[in-house]
Structures are given as C-alpha cells and as structure tokens.
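Written below as structure tokens is the structure these notes are about.
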Amino acid sequence: MSKPSGLVQGTLDLLILKTLELQPMHGWAIAERIKQVSREVLQVQQGSLYPALHRLEQQAWIQAEWGESDNNRRAKYYSLTKAGRRQLARETDSWERLSSAISAIVRA
Amino acid sequence: MRLLLMLRLRLRSLSQRARVERELEEELRFHFDRQVEKNRAAGMDLTEAQQAAAREFGHITQHKDECRDARKISILENLWEDSRYAVRNLRRDPFLAITATLTLAVCIGANTTVFSIANSILIRPLPYPGSDRIDWISERTGPAQQDVGAAPDYFLLRDRNRIFEEVATCDPATFTWTGIERPERLDVALASASFFPMMGVQPLLGRYLTTDEEGPKTPPVAVLSYEFWRNRFGGDRQIVGKTIAIDRLPRSIVGVMPQGFDFPRGAQLWLPNDVLDRASQSFPLSATQPIFTVSIIARRKPEVTPQQVTTEMQRLSFAIRAEYPKAFQKSGFRSDLMLGAMPLQEYLTGQLRPALLILAGTVTLVLLIACANLANLLLARASSRQRELAIRLALGSSRGRIIRQMLTESLVLAVPGGLAGFCLAWLSVRTLNAVKPAILVRYSAISMDWRVLAFTIALLAATSVLFGIIPAISAAGIQIHDALKSAGLAHSAGRAAAGMRKVLVAGELAVSLVLLIGAGLLTRSFLHLVHTELGFPSDHLLTLRINPVALSMGHDYLPFYSQVLDGVQHLPIVRAATLADDPPLSDNDFQSTGTIGVIGRPLAPQAERPRISDVVVSPEFFHTLGVSLQRGRIFDSHDFTGIPAAGRPEFLRTEAVMVNEAFVHRIFPNEDPLGQRLIFGPDEFNATWTIVGVVSDIRSTALGADPPANIYRCTCAGVPIYRRMAVLVRTSVPPEAAIRAIEQQVRAVDRDQPISDVKTMDQRRDAALAPERFQLILLGSFAVIAILLATAGVYGTMSYLVARRTREIGIRMAMGARPPDVLRMVLGETGVLVVAAIPAGLGSAWVLTRYIRSMLYGVSALDPTTLAITSVALAAMVFIASAGPAQRAVRVDPMTALREE
C-alpha cells in the first residue's frame, strides 16, 4: 500500500484533477475512483484528500457545490473549473516529462 | 474570473466561519458514512463497519485542522488574528485605549469636519448639470477683477462669442412684496431669458422664462423658488397662473423651480430683466450717466480649453472697444477694460479658500501632535513588552511579521477613535449648519457624503501608520539576547527608545509653539480690532435701510426720503436722524468712487488721478453720528438754494462738498483745503466741487481698514437718489425700542415701504468682528488642545525618563548627591527639550505665519511680543509638566532604588 506521502510531491493534485475531468464527484467517490483505476495501488487517505480538495478549491481550480448523492444524502460535489482544466493540462504535461525522464534513467 | 472566485472564497471563509465549519463537518461525516456503508456491504456488522471506517479515517479533528490550514489566507487571516490579539492586549491597558480614543476622536473629528466643509463648498460640484462648464464673466480694469460686467458686454458676448453655448445675466436685487398686510422685502434675481436654459435645470411646476420675456416689453411674470413656494404658498400645486404683486405690479406666476436650485444664493423669485435692452444700452459717455451693471454667466461648449477661453476673452475685449469708440476713446474712461472669465464655483467660493486652508493646516498640526503623543505611549509600552516580543522573535517570528503585528495593534487602537471622530464631525456639521458662523453664511448647508467617509477611513489608516511605525520598527529592532537576559530594563533598546521619545516630544512642543504663535497673533489682532475707535459713539444709534418700491425708472426719491426723515426727526424718542447712502460698517462691498483733480494744479491723465470714494449724506449726518467738524462749516440747504427743484441738472456747475481728514492728508498735506476746488470724474463732466468743511475720520467700511479718503456730498445738492438709502437715528431710548415708531413713520409716508436691515450700531460692530472672532475661537481652541497634548507628552516622557534612571539616581544619591543636584539633572533634561523645541517652533512660525498675514490687523506676522510671550509660556508649561517627575526623582530613596534591582 503506497501512502500518499510516498507519492511524488504534487502528484495528488494531478490525480484529483484528472479524476474530476470526467464528471463532478464528491470526496469519497474521488478516493474510490483513484483506488479502482490504480488497481488498489494508490490509496488516498482522507487526511490528505480533503486538505488537498480545499486547497485546490482555494486556488479556484475546482469548485464545490452541494448536491444529492445516489443514496439521497447531501454531498459536496467538486468539479473542474476552466482554470482547473488548464492547470490539469500543465500538470499532465510536466508529469509526463518527469516520468519519462525518470524511466529513462531507471532503464538505462 | 479566477481571481474573483478566489477572492469570494477567501471572504467567505473569513466572514462565514461558522457555516464553512459546518460544511466541513458534514463533508467529512458523509465520507465516513459512505465508508461504513461500503464496509457493511462487504459483510461486516454495524459496529465492526464503523470501527473499520474510523480506523481508516484516522483523527478527524486533525483532518479538519488540515483542511482549515488549506483554506488559510495568510495576510487576511493574520490580520484577523493580530487584531484579536491586539484587542486582548489593549483590554489589559485601558488607559492607553481611552487616551488614544479620546485624542483621536477630537483630532479626527476636527479634520473630518474641516474636510466636510471643504468638500461641500470647494470640492463637490455645484448642483447644476455640467456645472464645471459654467463660467462667471466680469470686467476688469487694471489688475483687479471686478464682480460684474456692463450690459453691452452681455450683448456682445451673447452675439459674437465662439466658445459659449449660452450666455446669460442674473442679478440679485431687492423688491417689495406689496398688496399684503405688511409689505415684505424679497430677495429677487433679475434674469435674462437665457438664464434657465444656461443653468440646465427644468422647472418643478409650470415653465421658466421664454425668449420674449426680456427687455422693456416683457409681460409681468415671475418664477418662484422652491423654498419660497413651499413656505409662503404652502406648496400650492395650482400656483401657476396666480398673481403676486411685486413693487405694486401684479405679476403672474409662471413656474416654480425645483428644490436646491439656489442661484443667486437666497433668491426667492426670478423676474425677467426688463431693463436689459439692446437698443438703449451703451457704455455711458460720461460718468454722469448711470452705468447699467449686470452679472454675466455663461456655459462653455464641451471641450473648450482654458487657453481658448483666455484668447476669446481678449478678442471680445478689443471687439467691445471697437464697438463703442466714443465711450472708450473720447473720455479715456476705463481705457484698459478687459473681460475675464473664471469658473463659477471658484468665483463663488474663492473667499473661503484661504480661511479653510488655514483651518486645515491647523487641524493637521494638532493631529500630528496627537500622533507624536500616541507614538510616545506606544514606545513606552513596547519597552515594557520587550520580553514578549523577544520570545516571539526567538520562536521564529520574522521582524517583518512583528512590525505587521505592531501596526495592526495601532490600527486597532485607532479604530474606536476614528469612529468617535466621525460621529463628532457629524455633530459639528449639524451644529455649524444650525449656527451658521460668519464665514459660512454665504454658502449652502454642509453635508457629509461618501467622500467624507472615505476621507475619515484614509485618515484613520494614515494616522495609525504614522503613530505606529516608529514604535513598530523600534520593537522589531530588539536584540533578543539582551532583552531576554536583562530583567525588565533592556538598556540598548531602551536608550534608543528614550532618545526617540525626546525627539518626538520636542517635535510636539515645536508644533504647539507654532499654533500658540498663530493664536497669539490672532488674539492681538482681534484686541486691536475690538479697541479700534469707530470715530463716533456707537451707542443709542439705530441704522436701517429703506429700499423703496419702484415708482418709475430714473425717478428721484428725494421727496420721499425727505418726508421720512422729517417724520423720524420729530419723534420724541429721537435726538437726531440723517440719511446716508450706506450705514457705517455695512456689508455692502460696492463703493461709489471717482477720480479727482485739483483745480490750479497740472492735471494728470485720468488713469493716474487719485481715486476717492464719494458718500451722499444729508446735512444732519455729522451731528447725528457725532463726527466733529475740524475746519470750515457743514454744508446745508442754503448752499443749494436758487436752483429750481424741477429740471435740476444732475451735477451742479459748482457744488459745496465736505471732506474728511484722511482726504486732506492725502490730497492737501501742506495746503489749506478750505475753498479748494476739485473736478470729479472725467474732464468733460465739467463740474467743480468746492470744499467748505473738513470733518474727522470715521471707520465707515471695515474695522480693520484705515478710514478711506472721503468726499461727502449733500442730499440737498440735487444729487439724484435712485433707490436705496439708509436712515441713521440717534435715539434717547435704547435703540431697539425705537424700531416700531420709526417703521410707523415710514409707513405713514407710504404704506408699501418696508424697512430692512434694521440693526443697532453696536450690532453692526459686533457683526463686523464675527469672522475674526470665529477664526480666533477656532485657532485658539486648537492651540489649547495642542498645548495640552504636548504637556501630557512632556509629563509622560519625563516620568519615563525618571523611572528609567531611578537606579542611577539612587547610586548618585548614595554617593552623596543632594536633592538640588538631582533636580538639576532632571530639569536639565527638560531644558534640553525646551532648547530644542523653541528655535524649531520659531523657525516654523517664521515660515508659516505669513499665511495668516492677510487676517492680521495692527500686528506684524512676526510680532516680537507675541513670539516672546508664547515662547515663555511654552517653556513655563514644559517646566510645570516636569515638576511631578522631578519631585519623584528627588524623593528617590537610595536604599529602595538599589535593592529593587
């Protein structure tokens, strides 16, 4: 189980933004989806997830809205803003450059 | 967009803390519940599922904290926290909080009040659409701009100018409302038809004047002001079409102007100007013809530059001379006439500007003193907080952070004072509007708007930085090591702070000295004015004006006035009565003047001849007032007999006149004036005046002005009396008691003639002193506040210095110093303050008092007596303030002082 702190710094932001690219989601669903897509490799802890969400919201990259969840409870849904989409493109780009650089070294 | 969103979120986290907290709680709870659900779906029972979720979830409060941190907005949050910290801190120091609030309330209140006045009158545009394009146009001969123009100027401007949309005239006049029980004097404006369109204001009811309502054939109509309509006609909405008798002529009311349309100020109604007639108006060919003056106002076309205005005015000035060659060439009269334009607002408020600037300067200086005082208090406080600050520094606070926190504290300290100051200003503005002191009488009511609020807030912020910055920097400069090591008294920082405090106090003293000198000069000047002799006894003297209802243009009112005078003289309570064209010290700025030449001397060109004012009085004038005859005799009706009453020439070929001593001093310093003959006005006027008597001087125009050189002409000389005259009555009873009887006499001659401007001479004298008294009271009270603040500053600083040196004093005493030595040491420190402050104060006064020179009478702006007295007074105050601390120093018990540390 890799801890979020084990993630490369700033990667959590990328994961959240990427996850929200599809559709607005609440916090629990974001965590679940990251776990699912990464085949349980990445488990985001609440202690990291919510501060990250709040920070991203403060940056105006995502915005929050209260809505009904599938079990009829009020839940806070996050969605990407325009600025968030641009930020996602930037972070994806820099992640790709970083990871290809790292793999190049690791495989050399 | 993104910035806006961020700002909104930040404000929300700050302002709706409770709600944000609730939402965070709910969000986390939702997550937890979903986890429990998921665990149950995986087959756990409820407790098991909850425990597993809780394990996975971890410490919920910690998560919340982290979320809060993520939301944290450093500067705003810090500001908020610093403020709360500051409030807590200040609660522990109520003395500081109360002192700061009181001083700042007074100082910010005073500054805000002065700003409100300036804002209402000088800054805020006049309440007419596009009022910045309205100009006041007047003639000038020589350097002085006059108030008015002449009718031909108006016609030429109207027809030939290239830069104005609309040119209009509007002249204040007084008329009488007749046909009512007690005829009443009304303030009226005679307007050209273009006046209302030029002002750009639509009537509230009915219409305003139309283009054919100007000149001699105008129908008798009137437009009412809102106040007159509301107060005297009960706001009757059916008023249009009704009539009002003005000077016995029924006029039909055609319209009512809206509230706030108040030009010329105080006008109750506007009438068409029926003498504004192109055909009959020219410049007079001689000074014997009356000149028809008009006030000209015009609206500039948009985007006309000041440069274009100047050029156009010059062009038109030459055009006028070309248009009226006879008037300008033949007589040489006003050969240097020019037209000038200035913004209407500037024209209306120009007189107030210097007085307001002085006032603003004064309150700013007082505010500076208050700031120095507060800085001093904060410095004292900072030195007692050195340990706390040192600990914060040691724990990693940056020095910038400390400065920010200290500045926040001074802001918090200033806020209640600022609020109280704003309320105080609101009260003062209300009081000023109710009392209407002399300098504000001419202007509309003062009001406070968003600009005043913005000013107060800006002033509050500036003030808190001003008094907070020195203590903040000095606090941040603490050496951690020293401060923590030495118990209570950190000498290195303490010495710097003590030096700074002395500098601040010396500065305060210097500024107070400037204000004291200003107040001292005004006091001396005021005392001069109070003790100025009018030149005649002012008791038992009643003065009033009669503004007779128009009989016809050019009608001679002398028979009417003679009858009135005769009736008044025969009242038993009247000792003597006279006619004069103006009461002494009247507020009428207009003085009839003309140039004179002495027959038998070479005649200078017109423009270089002395200009003298001519005053028309009846022969009883000198006796009634008590002006003594110095030489010769007083003219009387015998001087003018043999001249047929009807068809009198306007000026006699030779006329007996009297002059005053100032005249003799100026024109005949070494000759006998009696029997000298003068020519008055232009040469072709061809009439000579013979001096038959010399009387003593009186101060007729203003208390502060030297008596002008006067020529007295007699009412019985056939001088035509066109309209307004004053009646001066010496009574044997208190003058107020004679008013009714005199009014009845006037009404007995003509029941439609009201008397107006009824004042005793003492009241006139009092009113003439009012502006000076007002200035003196203001500047004086601010000087008192300043000196009290500075004295408090001295006391505080000396106490601090003595407390700081208690140990040293103890040692000295233990070594054998006597109380006088200690006293000398403390007073030596005080002496340093005085020695630093007085030259600085005198130097500043030397620079600054020139600005009040125009307000001084009989005293120079650098009057040595005032400078000496105020300096000594300041020094005395300083020593009195240090007496307490000095006594404390003398009473230091060496044993206790040494044991304490």
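Filtering the range B:758-776 for residues that are in a helix (DSSP H, G or I), without any contact (Cβ under 8 Å) to a residue 24 or more places away in the chain and among the hydrophobic types (A, V, I, L, M, F, W, C) leaves an empty set. Taken together, the residues in the range B:10-20 that are touching a residue at least 24 places away in the same chain (Cβ under 8 Å) and of a type outside the set (S, T, N, Q) amount to 3. Only residues that are in a helix (DSSP H, G or I), touching a helix residue (DSSP H, G or I) at 6+ places or on another chain (Cβ under 8 Å) and of a type outside the set (D, E, K, R) were counted in the range B:156-207, giving 2.
Taking first residues from the range B:419-442 that are touching a residue at least 60 places away in the same chain (Cβ under 8 Å) and partners that are outside any helix (DSSP H, G or I), the Cβ contacts under 8 Å between residues at least 6 apart in sequence or on separate chains come to B:A425/B:M448; B:V429/B:I446; B:V429/B:S447; B:V429/B:M448; B:L432/B:I446; B:L440/B:I446; B:R442/B:R265; B:R442/B:Q351. Checked against (1) modelled with pLDDT of 90 or more; (2) at negative phi, B:H540 passes all but condition (2).
Does A:R85 count as in a helix (DSSP H, G or I), more than 10 Å from chain B (Cβ to nearest Cβ) and either of a type in the set (K, R) or within 22 Å of B:F30 (Cβ to Cβ) (or both)? Taking the combined requirement at face value, the residue satisfies it. Scanning the range A:69-82 for residues that are surrounded by 13 or more Cβ atoms within 10 Å (Cβ to Cβ) and part of a loop (DSSP other than H, G, I, E, B) returns A:S69, A:R73, A:T81. Which of the residues that make up the range A:35-63 are more than 9 Å from chain B (Cβ to nearest Cβ), buried (at least 20 other Cβ atoms within 10 Å of the Cβ) and out of contact with any Lys or Arg (no Cβ under 8 Å at 6 or more places or on another chain)? Scanning the range A:35-63 gives a single hit, A:I62. With respect to the conditions (1) surrounded by 12 or more Cβ atoms within 10 Å (Cβ to Cβ); (2) at the interface with another protein chain (Cβ under 8 Å from one of its Cβ atoms), A:L98 falls short on a single one, namely (2). Between A:W28, A:W66, the distinction of being within 11 Å of another protein chain (Cβ to nearest Cβ), surrounded by fewer than 17 Cβ atoms within 10 Å (Cβ to Cβ) and not in a loop (DSSP other than H, G, I, E, B) belongs to A:W66 only.
When the residues of the range B:565-589 are filtered to those that are among the charged types (D, E, K, R) and within 15 Å of B:F621 (Cβ to Cβ), the one that is nearest to the chain's Cα centre (by Cα) is B:D582. Among the residues of the range A:65-108, those identified as among the acidic types (D, E), without any contact (Cβ under 8 Å) to a residue 24 or more places away in the chain and within 21 Å of A:I16 (Cβ to Cβ) are A:D70, A:D93, A:E96. Criterion applied to B:R805, B:R812 was being of a type in the set (K, R), over 30 Å from B:G567 (Cβ atoms) and free of Cβ contacts under 8 Å to residues at least 40 places away in the same chain, and the one residue passing it is B:R812. Screening B:L862, B:L874, B:L856 for residues that are in contact (Cβ under 8 Å) with a residue 40 or more places away in the chain and more than 22 Å from B:Y795 (Cα to Cα) leaves exactly one candidate, B:L856.
Taken over the range B:772-803, the criterion of being at pLDDT below 85 and either within 30 Å of B:T543 (Cβ to Cβ) or surrounded by fewer than 18 Cβ atoms within 10 Å (Cβ to Cβ) (or both) is satisfied by B:A803 alone.
Six or more apart or on different chains, Cβ atoms under 6 Å: show the pairs whose first residue is in the range B:143-170 and under 26 Å from B:Q268 (Cβ atoms) and whose second is in a helix (DSSP H, G or I) and modelled with pLDDT of 80 or more. So the pair list comes out as B:E166/B:P197; B:E166/B:M198; B:V167/B:L157; B:V167/B:R158; B:A168/B:F195; B:A168/B:M198; B:T169/B:Y154; B:C170/B:F195. Of the residues screened, A:R74 is one that is more than 19 Å from B:D65 (Cβ to Cβ) and within 12 Å of chain B (Cβ to nearest Cβ). Within the range B:25-54, residues that are within 12 Å of another protein chain (Cβ to nearest Cβ) and within 11 Å of A:W28 (Cα to Cα) reach partners that are among the small types (G, A, S) and surrounded by 14 or more Cβ atoms within 10 Å (Cβ to Cβ) with beta carbons closer than 7 Å, at six or more positions or on different chains, in the pairs B:E27/A:G27; B:F30/A:A75; B:H31/A:G27; B:F32/B:A53; B:Q35/B:A53.
Could you tell me whether B:V188 is crowded, with 22+ Cβ neighbours inside 10 Å and at negative phi? When the stated conditions are applied, B:V188 passes them. Per the conditions (1) modelled with pLDDT of 85 or more; (2) in the same structural domain as B:T293 (by TED's automatic domain parsing), the sole criterion not satisfied by B:G149 is (1). Looking only at the range B:1-24, count how many residues are closer than 16 Å to A:Y50 by Cα and more than 10 Å from every other protein chain (Cβ to nearest Cβ). The total comes to 2.
The values are calculated or read from the model by the stated rules, or taken from the named source; none is laboratory data. Given the structure is predicted, the values throughout are model-derived calculations rather than measurements. Cβ: placed from backbone, ideal geometry, glycine included. Neighbour counts: every protein chain shown.
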